[in-house]
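Here's the structure we're looking at; comments come further down.
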């Protein structure tokens, strides 16, 4: 399922991960400019990333998409720890491509870090 989110002049697409994405994310996570903004400091292996994709794809409490702009993956967005009964979840969106920042697809808050993470409070929390 793909979903386009238009802005005033830019458009991104959310899509399910495919077989080429695991290697792309491994390369991103091997970049110190990316991991310096993450709690996880060590690069992940291709096998670990493929396992994450598999686990997330089978999960009943998570959904996860790759963000594309102009046909290229620039990040990911997900809904995690979904509590369907109580309507609670945590969302996160990460753009790891420096090109995404300079093209205006994501907005840095304090300087231009290559990884922007936005966490939104749980649904129904006020």
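We did not get these values from a lab; they are worked out from the coordinates using the rules stated. Every value quoted in this text rests on a predicted model; they were computed, and no experiment measured them. Positions of Cβ are backbone-derived with ideal geometry, glycine not excepted, and every protein chain shown enters the neighbour counts.
Starting from the Cα of residue 52, step 7 Å toward the Cβ, then list every residue of the stretch 74-96 with an amide N under 13 Å from that point.
Label zone hits: 75-78, 93-96.
Between residue 15 and residue 45, what FRET efficiency comes out of the Förster formula 1/(1 + (r/R0)^6) with R0 = 25 Å and r the beta carbon distance, rounded to 0.05?
On the way: r = 24 Å, r/R0 = 0.96.
Efficiency at R0 = 25 Å is approximately 0.55.
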